[in-house]
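Heads up: the structure comes next, in structure tokens.
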């Protein structure tokens, strides 16, 4: 039986120091079914905590109020990483951001390698912003600065 890892590895921590693509799974507050959303405003605060921000009106926030258990799936640093934990609200609204974002911390309870046997991730997923690049860069800077101050 593999040992349960309860913190981010140094490689995973380093990979989560910049804007990243991840999948956040919550439990839907109405149906009780798994709910998944792609997020990018996240970073590893320390080896036991991942911080993320989402629109206050997002269903994610409503789901977390009822059931704070989450799974964050990160594809990168050579593998698929499943990070399990409990989300807690850090700020209902981030200061210095032009719209209302809620900020959460995931207190990590387990980190598992979720990649199938005999393979590794050679290229992490990439995405591009489909709106004004300068506006996107300015907003991202505002959000990450506010998250670090929250």
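The values are calculated or read from the model by the stated rules, or taken from the named source; none is laboratory data. Since the model is a prediction, treat every value here as computed from it, not as a measurement. Counting neighbours? That spans all protein chains shown, and the Cβs are built from the backbone with ideal geometry, glycine included.
Does residue 90 count as in a strand (DSSP E or B), modelled with pLDDT of 95 or more and buried (at least 21 other Cβ atoms within 10 Å of the Cβ)?
no
Okay, residues lined up against (1) touching a strand residue (DSSP E or B) at 6+ places or on another chain (Cβ under 6 Å); (2) assigned to a strand (DSSP E or B); (3) at positive phi:
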{"position": "94", "(1), (2), (3)": "yes, no, no"}
{"position": "104", "(1), (2), (3)": "yes, yes, no"}
{"position": "110", "(1), (2), (3)": "yes, yes, no"}
{"position": "116", "(1), (2), (3)": "no, no, no"}
{"position": "121", "(1), (2), (3)": "yes, no, no"}
{"position": "128", "(1), (2), (3)": "no, no, no"}
{"position": "136", "(1), (2), (3)": "no, no, no"}
{"position": "144", "(1), (2), (3)": "no, no, no"}
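Count of segment 56-79 residues, restricted to those that are in contact with a helix residue (DSSP H, G or I) (Cβ under 8 Å, 6 or more places away or on another chain) and either surrounded by fewer than 14 Cβ atoms within 10 Å (Cβ to Cβ) or at negative phi (or both), is 2.
Residue-level check: of (1) farther than 17 Å from residue 24 by Cβ; (2) surrounded by fewer than 15 Cβ atoms within 10 Å (Cβ to Cβ); (3) touching a residue at least 40 places away in the same chain (Cβ under 8 Å), residue 125 misses just (1). Of the strands (runs of 3 or more DSSP E) lying entirely inside segment 18-86, the ones with 2 or more residues being modelled with pLDDT of 95 or more and farther than 17 Å from residue 144 by Cβ are found at 22-27, 34-39, 69-76.
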